[in-house]
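The structure appears right after this line, and notes come after that.
Throughout, read-outs are computed from the coordinates displayed, never taken from laboratory work. As the structure is a prediction and not an experimental result, all values here were calculated from the model. Heads up, the Cβs are rebuilt from the backbone with ideal geometry, glycines too, and the neighbour counts pull from every protein chain shown.
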Amino acid sequence: MTGPALLADLSLIIPELILAVGAMGLLLAGVFIKGEETAARLVSLAAMALLILAAGVAVFLAPQGGGTAFFGAFVLDSFSLYAKAVVYLAAAIALVLAGHYLRTERLARFEFPVLILLATLGMSVMVSAGDLIALYLGLELQSLALYILAAFNRDSLRASEAGLKYFVLGALSSGLLLYGASLVYGFAGSTEFGAIALAAENPSVGLVFGLVFVVSGLAFKISAAPFHMWTPDVYEGAPTPVAAFFATAPKLAAMVLLIRVLMEPFGAMADQWQQITIILAILSMGIGALGALLQTNIKRLMAYSSIGNMGYALVGLSAASEAAVWAVLLYMTLYVIGVAGAFGVILSMRRAEGMVERIEDLAGLSKSRPGLALAFTGLLLSIGGMPFLVGFFGKLFVFYAAVQAGLVWLAVIGGLFSAISIAYYLMILKRVWFDEPTGGEFINPPASVAIITRVTGIATVGLLLLVPFMLTRVIEAGSAIGG
Amino acid sequence: MAFIVVFGPLLAAIIAGLFHKQIGTRASQLITTGATIAAALASAWLFVDVAILGNARTYELAQWMAVGNFDISWDIRLDSLSAVMLVVVTSVSALVHVYSWGYMADDPHRSRFFAYLSLFTFAMLSLVTADNFLQMFFGWEGVGLASYLLIGFWYKKKSANDAAIKAFVTNRVGDFGLALGVMAVFAVFGTLDFDTVFGQVDDGTVQTLTLFGLEFMALELIAFLLFIGAMGKSAQFFLHVWLPDAMEGPTPVSALIHAATMVTAGVFLVCRCYPIYELAPNTSAIITFIGATTALFAATVGLAQNDIKRVIAYSTCSQLGYMFFAAGLGLYSAAMFHLFTHAFFKALLFLGAGSVIHGLHHEQDMRNMGGIYKLLPVTWLMMIIGTLALTGVGIPLLNLGFAGFFSKDMIIEEAFMAGADGVTFGYFAFVVAIIAAGLTSFYSWRLIFMTFHGKFRGDKHTLDHAHESPWVMIVPLLLLAIGAIFAGGLFRSDFVARGALEFWGGSLPPGPYAEGNYGEGAHGHHPPTWVLFSPIAVTVLGFVLAYWFYVVKEGLPAKIAARGGPLHSFLANKWYFDEIYDFIFVRGARGLGDLFWKVGDRRIIDGFGPDGVAGTVMQAGRRIVRLQSGYLYHYAFVMLIGVLGLAVWLVARAGGQ
């Protein structure tokens, strides 16, 4: 590779470079800063700054028209730029939510923000992947960081168990993915997406098998049923800010990667993979809606909620059209905002004696903390897709994409499960608004968390004004794909 | 003046109803009573101005709504017809307000009561002063509401609540007819304005309207639908069932609403719309028949009732029947005349009964009364006067008698002449009216004898504490008694005879047999002398029989009643109307409701719908949760099964193609 060509390639990966070099630097710096908490605080602040910087670069300084680097392994287009911006910001929000929690739970170590940075770097590579190698590279970089984060509270039996489970199952899914990739390579003769797309026009059975395995591996990352089993256990066991992180940025990154894999290399095999996504969508919506009904732990409930929400996103993706791409992007963006806020509320559930996570602990919240209760109401109903909160438009457009593609029946099933899922959001809200308080009041949440809940809560209504703007953004982003 | 009359009571009702907590009970009573007394005085002045001096006029107050050519305004229409109603409504209302000071003295919610009374007065006044059908409908519904509120005033009493609902529901049936009638008027004439409609009423004889797939002559249909409304409000046969039960309300209410004013709204409606009824002979015949039937039916039921107020209630029903068949025969002025006199003596009887009830500590059963005329001498005398007026005692040819003598006998005589002229049901109405007059006399005197004469049959404690009513209750009785004695003789000429043409001034026809119709000094037709004397004859007969049974052979009727012959049970149970309605409508509706509720809603809709779905969903949720065992190998197994399933599915599909 010649010098100018290398420079040209590097100019496309500036955000990744910022994250990679920053993570290394912070890792070193953390060692030299005296005092564990101070180190954690400073590194965390620096990591946030790096994420925002990277997001700024991705949004404002990206080269016009994008391009590819490293012989097609890395793709920079409006689609990946959009995803990167959202992922970076979601990671930053996760760091904001985490700070106070980690300090009070005596988990404040400077490795935490570094791991977040590395995971984000992995996601960044994922959304820009242009061949199977880059795909796997990004995925594994992300996953390895997440395995550690899940078990970050290593003194807790539950957290260790959650981390271990996630690791073992993640390794299994990686195996499935790799096996699928090898099949695809074997039958398509290339790992590059463009070459695979050519082979997909006349798919062999081997390529279909490869597709199934690759999709299964990715479905694990977005926790779509039946590859969802890890989700409730990990959400419950992992530290709450980690669960908040799990539910937001990686979900979006994996979904974006799935869109790209299905629409670009396997775009010609839409007939085949549509059947897979439809099955995954129905199973996910069903398990997400039904499983959540009987939960008593709010984090487990959020796990099922995220499973269900991936189902709705897959409904949109099943349309296999341009509308499918932007509808899912919009849906995932709104979902990330809603979930970040909801986890902010969960992080506010702290009494004098410690964190609580049972749904019944929310009883009477409307009396003790009306502002928080109001924000929670907006957030939950927005996640549930209640009109006219902003989440409604997310759901509306994924169903719209499905209906446009002739999948009316799938949209109807989605609507039914959506109605069921509203039930458990309402069960929570019933506790919040109508039950008498039990136990002590929650102590004041830190300002960082309070700001996140308030801003996201207001956003569930306020973003309504921005829906047209968001639509133009996601349509522009989606136009890079599926054409 | 007109504003004081109509809006004074409304203002008073608002103040007393909403602010009685601030101003106190006594102030509420003062305001409402003062407002109605002022309204009564103003009405008297208007009566002289409008009816006697002939200054009919209409005030347009405001536009109500204007949609296309549907243009409705709020008006105060002052003509002789409305002036008569104004006098009746406001004077009885004022007296009832005063009377209630005594009657309701112990009730803690007096201010609410007075507010309702004034609200009713306002609604009734806006009804009678309406210049279009819609405002009349507004007043019509307003009095219905006030009636409901007042019947159920003692809302803690189940029977009062039931009666209030019964009155409301029964009136809904009638009001539905009225609403349809008003709509039909608009459909045919394109306006609801009285004068415009009556001006082009001939059009209605040509047009036809289709209802329930049948074609009707427009005017007949309108007339009939309006009459259904009148039947409901005026408790005519088939829709009469609510009136006796309405006696659960406080007695002043019975006097004001269920004797003197609201129940006469139906008669007023028919009279107001006389141009329509003139051209709708078939409906008029129906009105005659229904009216006459009601007169007879209610009189027979009145024979066997033991509740003092119910007797008078059936009597009211019966007298309304007289008014209706008069209107049906085209004798509108006679109907209005009877309405006018009846208001005085019926209010007198009710308030007298209230005085008895008050004096005997809310005892209403006549079987527990008797011989109390010495304890309540003024009440006794007033009741006698009321009864004499109701039964129409007087001397024919001399024109000397109580109020009812002039108005009721006028109806009976003119009914005979209408029959002679070949008007449908004319003779039928005449015969029925004679029989009913005899029955009226019998049950009225029975009431007097059972209540005031003979031996006291109640418990000793009640008798010891029996007392004459305070002066606030006596004075209204005295004033009404004056009306009951003189209202007939004084106004006969104006209402139905020589002065009628001038008096009504076009708001009503003077009547086909009114002397004024035939020029100054001329005498109209006269019925044969035996017709003149037959009412008084049956009245005397009724009195004698009542005297025989209830004074001479005191105790005999009780034995007859105890033996319970079929005729007695038939009458005592009011021709089994309540039972029949209960069986057909109430139980029918209940059964239907039960069916829809238990089978339709609970078993089918809930069973397969909300409950069933919720149950299934929860069950499914439980299974899914059970899958989440926590074992790593289970999870891995599910994943592998998933991959396998997807692969097999795709390959099988591909192979199938």
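The Kirkwood hydrodynamic radius of chain B, based on inverse pair distances between different Cα atoms, is 26.8 Å. Per residue of peptide A:203-212, the mean number of Cβ atoms on other chains within 10 Å of the residue Cβ is 3.
Is the range A:87-176 rounded, prolate or oblate when judged by the Cα gyration tensor, a ≥ b ≥ c being the square roots of its eigenvalues, rounded requiring a/c under 1.5 and prolate requiring a/b larger than b/c? Oblate shape, in that a/c is at least 1.5 and b/c is the bigger or equal ratio. Modelled spin-label separation between B:Phe577 and B:His461, with each label point placed 7 Å from Cα along the Cα-to-Cβ direction: 3.6 nm.
Computed on the Cα atoms alone, the convex hull of the range A:305-431 gives a volume of 89 cubic angstrom per residue.
Across the range A:361-366, rounded Karplus estimates of 3J(HN,Hα) from the backbone phi angles (6.51 cos²θ - 1.76 cosθ + 1.60, θ = phi - 60°) give 5, 7, 3, x, 4, 5 Hz, Gly and Pro being marked x.
For B:Leu627 and A:Asn297, what does the FRET efficiency come to when R0 = 25 Å and r is the distance between their Cβ atoms, rounded to the nearest 0.05? Let's see the in-between values first.
Working: r = 17 Å, r/R0 = 0.67.
Efficiency, from the Cβ-Cβ distance: 0.90.
Anisotropy class assigned to the range B:277-355 is oblate, per the alpha carbon gyration tensor with a/c at or over the 1.5 cut-off and a/b no larger than b/c.
As a ratio to 2.2 N^0.38 Å, the alpha-carbon radius of gyration for the range B:299-439 is 1.13. Of all DSSP beta bridges in chain B, what percent run antiparallel (nearest 5)? The answer is about 100 percent antiparallel. Cα centroid distance between the range A:200-276 and the range A:401-474, in Å? Computed from Cα coordinates, the inter-centre distance equals 23 Å. Karplus-based coupling profile of the range A:210-218, in residue order and whole Hz: x, 4, 4, 5, 4, 5, 4, x, 6, with θ = phi - 60° in 6.51 cos²θ - 1.76 cosθ + 1.60 and x standing for Gly or Pro.
For the range B:132-264, the convex hull drawn through the C-alpha positions has a volume of 99 cubic angstrom per residue.
Give the value in nm², to one decimal: projected area of the alpha carbon convex hull of the range A:1-79, averaged over all directions.
Computing the convex hull of the Cα atoms and averaging its projections yields 6.3 nm².
If R0 is 22 Å, the Cβ-Cβ spacing of A:Val408 and B:Val651 corresponds to a FRET efficiency of close to 0.20.
Using every alpha carbon pair in the range B:330-379, what percent of pairs falls into each 10 Å bin from 0 up to the bin containing the largest distance? With 10 Å bins starting at 0, P(r) equals 23, 39, 20, 16, 4.
With distances taken between every two different alpha-carbon atoms, the range B:15-103 has a Kirkwood hydrodynamic radius of 15.1 Å. The helix-only estimate of mean residue ellipticity at 222 nm for the protein assembly as shown, built from DSSP H runs of length n ≥ 4 each weighted as -39500 (n - 2.57), is -23500 deg cm²/dmol after division by the residue total.
Taking packing as the residue-averaged number of other Cβ atoms within 10 angstrom, the listed peptides A:412-419, B:311-318, B:177-184 run from highest to lowest as B:311-318, B:177-184, A:412-419. Size of the range A:245-378 from its Cα atoms: along the principal axes, largest to smallest, the extents are 57, 24, 21 Å. Computed over the range A:269-339, the Cα gyration tensor eigenvalues convert (square root of 5λ each) into semi-axes of 24, 15, 6 Å, ordered from largest to smallest. Put simply, the Cα atoms of the protein assembly as shown extend 138, 68, 57 Å along their principal axes, the longest span coming first.
The count of lysine pairs in chain A whose Cα atoms are under 25 Å apart, excluding pairs fewer than 8 places apart on the same chain, comes to 16.
Residue by residue along A:163-174, Cβ atoms of other protein chains within 10 Å of the local Cβ number 2 on average. Here are some pairs, B:Lys408/B:Lys574; B:Lys309/B:Lys408; B:Lys166/B:Lys455; B:Lys455/B:Lys559; which of them have Cα atoms lying more than 26 Å apart in this structure? The pairs that break the limit, which is 26 Å between Cα atoms, are B:Lys166/B:Lys455.
Placing R0 at 25 angstrom, the Cβ-Cβ distance between A:Leu426 and A:Ser368 gives a FRET efficiency of 0.80 after rounding to 0.05. Once you order the gyration tensor axes a ≥ b ≥ c over the Cα atoms, which shape class does the range A:397-456 get: rounded for a/c under 1.5, otherwise prolate or oblate by comparing a/b with b/c? It comes out oblate by the Cα gyration axes.
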